[in-house]
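Reviewing the structure listed below.
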Amino acid sequence: MVALKVTKIGDELAVVLTEELREALGVAEGGTLYAEQSSEGEVTLAKRDMSFEARRERGRAFIGRYKKTLDELAK
């Protein structure tokens, strides 16, 4: 677990990422992180948008790539 420091910049609050966490997330200055809250209240940071729409698009891409295999398995 990594502790993150919260700092105020103007009227906004910002989280300071350690070098270790920046490397783990694969982000640099100007990059985008996505935060998602689970039903249990936990918050996950990710480099990619894992919202429902993003997951659905990844699922469709997977199905498209392996359509023949999935059709054979369905028989």
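The values are calculated or read from the model by the stated rules, or taken from the named source; none is laboratory data. Computed from a prediction, not measured in an experiment: that's the story for all the values here. Using ideal geometry, Cβ is built from the backbone for each residue, glycine included, and neighbour counts are taken over all protein chains shown.
Among the residues of the range 51-64, is any without any contact (Cβ under 8 Å) to a residue 60 or more places away in the chain, surrounded by 10 or more Cβ atoms within 10 Å (Cβ to Cβ), in contact with a helix residue (DSSP H, G or I) (Cβ under 9 Å, 6 or more places away or on another chain) and assigned to a loop (DSSP other than H, G, I, E, B)? For the range 51-64, residues without any contact (Cβ under 8 Å) to a residue 60 or more places away in the chain, surrounded by 10 or more Cβ atoms within 10 Å (Cβ to Cβ), in contact with a helix residue (DSSP H, G or I) (Cβ under 9 Å, 6 or more places away or on another chain) and assigned to a loop (DSSP other than H, G, I, E, B): absent.
The residues in the range 37-50 that are of a type in the set (Ser, Thr, Tyr) and part of a strand (DSSP E or B) can be counted, and the count is 1.
Filtering the range 11-31 to residues that are without any contact (Cβ under 8 Å) to a residue 12 or more places away in the chain and either acidic (Asp, Glu) or surrounded by fewer than 10 Cβ atoms within 10 Å (Cβ to Cβ) (or both) leaves 11, 12, 13, 19, 23, 28, 29, 30. Note on the range 1-27: residues that are under 24 Å from residue 55 (Cα atoms) and either assigned to a loop (DSSP other than H, G, I, E, B) or small (Gly, Ala, Ser) (or both) total 3.
Quick check on the range 29-36. Is at least one of its residues closer than 20 Å to residue 1 by Cα and outside any strand (DSSP E or B)? Spell out the reasoning first.
First pass over the range 29-36, keeping only residues closer than 20 Å to residue 1 by Cα: 33-36.
Next, from what is left, pick out any that are outside any strand (DSSP E or B): 33.
Yes: the range 29-36 contains one or more residues that are closer than 20 Å to residue 1 by Cα and outside any strand (DSSP E or B).
Scanning the range 47-75 for residues that are among the aliphatic types (A, V, I, L, M) and at pLDDT below 85, which turns out nearest to residue 1 (Cα to Cα)? Talk me through it step by step, then tell me what you get.
The first filter runs over the range 47-75 and keeps only residues among the aliphatic types (A, V, I, L, M), leaving 50, 54, 61, 63, 70, 73-74.
Then drop every residue that is not at pLDDT below 85, which leaves 50, 54.
On the way: 50: 21, 54: 27 Å.
The residue in question is 50.
When 46, 35 are checked against the criterion of being hydrophobic (A, V, I, L, M, F, W, C) and surrounded by 11 or more Cβ atoms within 10 Å (Cβ to Cβ), 46 stands alone in meeting it.
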